[in-house]
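Down below is the structure, laid out as structure tokens.
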Amino acid sequence: VAHSGSTHPPIIAPAILADGSSPSTLISSDSGNVTLKNLYLLGVPTNNQWLGWGDAVVINGDSSDVVVDSCVFDQWSDGAFDQFGSWDSFFFTNDYFINDIHSSSYFGGHDLETHAPSDTIIFENNTMFNDNSYAYCPTDLVKLDRFEHNTVALNMVNPMNDFTPTNEVISNNIFYSTLMIGQQINEFWSNVYDIPPDTSSTISIDTLFGLG
């Protein structure tokens with residue numbers, strides 16, 4: 001809870017253990033739902049010792065509803081959110097993901113990366129600024145996802161690494177100074193980005209951009 005009279009959200013940072021180290025994960029949920037609202041989650045402890053691969057939130061439980069509104073995720077070297085449970089749902093609104101950077105890996109510093117099938121993922125009215133890695137990276141099936149009215153600026157690798165979209169809408173977003181990585185056909189078939197070719201989707205560019 002913010003201090004009385006303050007307009008700033010409370011800041012939560014990794015604890016410092018007796019040996020001077022800090023846990024690599026700030027919040028880990030093994031079951032049930034998770035709601036975060038009006039919080040500032042900082043990835044650097046007060047001793048300024050950078051976490052090697054730090055995660056703000058890791059979801060391990062199945063069929064969890066994760067609701068995140070008006071939060072800030074700052075300087076998480078692995079990522080803000082990782083999902084390992086199955087059929088979870090995520091709802092991100094009015095959040096800021098900033099400075100999520102790994103010191104030696106382009107692929108550290110994502111906003112959401114899933115590692116199992118999901119039910120629903122909603123990103124609406126969020127800002128992703130100066131993050132090393134993906135803004136959105138579902139690596140498994142998502143039944144329904146929406147990425148709308150977001151701003152993504154100054155990230156190092158492709159902002160969207162979306163493996164198998166099924167019922168997805170990406171609309172009314174701003175992408176500024178982002179790097180889009182494509183693949184040659186031999187890279188695709190050799191599974192360079194861990195995307196299984198037999199489950200990948202085909203998207204019509206004419207349909208995507210409303211051309212033709």
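The values are calculated or read from the model by the stated rules, or taken from the named source; none is laboratory data. Just so it is clear, the structure is predicted and the values come from calculations on it, not from any experiment. Cβ sites come from the backbone with ideal geometry, for glycine too, and all protein chains shown count toward neighbours. Side chains are part of the model used for accessible areas, which takes the heavy atoms of the whole protein and leaves out ligands, DNA and RNA. Shrake-Rupley method; radii C 1.70, N 1.55, O 1.52, S 1.80 Å.
Every residue, every condition in (1) touching a Pro at 6+ places or on another chain (Cβ under 8 Å); (2) outside any loop (DSSP other than H, G, I, E, B), yes or no:
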| residue | (1), (2) |
| --- | --- |
| P45 | yes, no |
| N48 | no, no |
| L51 | yes, no |
| G61 | no, no |
| F73 | no, yes |
| D82 | no, yes |
| G85 | no, no |
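Residue count for region 32-55 satisfying the condition of being under 14 Å from D111 (Cα atoms) and out of contact with any Cys (no Cβ under 9 Å at 6 or more places or on another chain): 5. Restricting attention to region 11-53, the residues that are over 13 Å from D74 (Cα atoms) and of a type outside the set (K, R) total 28. I'm checking my understanding of the structure. Among residues of region 1-11 that are in contact with a strand residue (DSSP E or B) (Cβ under 7 Å, 6 or more places away or on another chain) and either part of a loop (DSSP other than H, G, I, E, B) or at pLDDT 95 or above (or both), which one is surrounded by the fewest Cβ atoms within 10 Å (Cβ to Cβ)? Only one residue fits best here, namely P10.
Picking from residues in region 43-79 that are polar (S, T, N, Q) and open to solvent by less than 20 Å² (accessible area, probe 1.4 Å), the one that is nearest to V157 (Cα to Cα) is S77.
The strands (runs of 3 or more DSSP E) falling completely within region 140-212 that include 2 or more residues that are at pLDDT 80 or above and touching a Phe, Trp or Tyr at 6+ places or on another chain (Cβ under 8 Å) map to 142-148, 151-153, 168-171. With S86, S103 as the choices, which residue is surrounded by fewer than 22 Cβ atoms within 10 Å (Cβ to Cβ), closer than 17 Å to W50 by Cβ and out of contact with any Leu (no Cβ under 6 Å at 6 or more places or on another chain)? So the residue among S86, S103 that is surrounded by fewer than 22 Cβ atoms within 10 Å (Cβ to Cβ), closer than 17 Å to W50 by Cβ and out of contact with any Leu (no Cβ under 6 Å at 6 or more places or on another chain) is S103. Considering region 29-42, and only residues there that are under 19 Å from N126 (Cα atoms) and part of a loop (DSSP other than H, G, I, E, B), the residue that is most open to solvent (accessible area, probe 1.4 Å) turns out to be N38. Scanning region 117-135 for residues that are open to solvent by less than 10 Å² (accessible area, probe 1.4 Å) and part of a loop (DSSP other than H, G, I, E, B) yields N126, D131, S133, A135. All of (1) open to solvent by 10 Å² or more (accessible area, probe 1.4 Å); (2) farther than 25 Å from L36 by Cα hold for V157 with one exception: (1). When you check L17 against the structure, is it modelled with pLDDT under 95, touching a Ser or Thr at 6+ places or on another chain (Cβ under 9 Å) and assigned to a loop (DSSP other than H, G, I, E, B), yes or no? So L17 fails the test.
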